[in-house]
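Enquirer: This is the structure, below, for whatever I ask next.
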Amino acid sequence: MPDEPTLGEVVRRLEDVRQDLKEDFRELGQRLDSKVSMERYQLEQQARDEAQKLLLERVKGVEEARESEARTRREEAQRLADRRASDRRLIFTALVAPVLLLILTVYLNARGAGA
């Protein structure tokens, strides 16, 4: 009968098993406490989605503002180029053409007077 455990050994082993079970249940309780409820998870997911949507709207607004600014700059540059071309035509007609006409008149008068 020496192969069978004594009553004291059985009690110690049962106490060890009971202690292990207590530790396991404590760990399980801690793990369950750290879990998030489905309702809270859905609320956090919804808040994250809304924040992402707001961020996307802000980025879209910034991009539209930049495109609008670039379009305005291009239009202004085109207006300046048109104005420069108009000024060149005006300078030609206001300054160069009368000078050429004056030279032509003087030439014709000199030729007519010499003939």
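The values are calculated or read from the model by the stated rules, or taken from the named source; none is laboratory data. For clarity, every value in this text was computed on a predicted model and none was experimentally measured. Quick reminder, even Gly has a Cβ in these numbers, built from the backbone with ideal geometry, and neighbours come from all protein chains shown.
Enquirer: Taking Glu76 as the residue in question, decide whether it is more than 25 Å from the chain's Cα centre (by Cα) and modelled with pLDDT of 95 or more.
Expert: yes
Enquirer: Here is a list of conditions, (1) at pLDDT 90 or above; (2) exposed (fewer than 10 other Cβ atoms within 10 Å of the Cβ); (3) of a type in the set (A, V, I, L, M), and Met1 meets all of them except one; can you say which number that is?
Expert: (1)
Enquirer: Is there a residue in the stretch 26-44 that is surrounded by 10 or more Cβ atoms within 10 Å (Cβ to Cβ) and of a type in the set (Gly, Ala, Ser)?
Expert: For the stretch 26-44, residues surrounded by 10 or more Cβ atoms within 10 Å (Cβ to Cβ) and of a type in the set (Gly, Ala, Ser): present.
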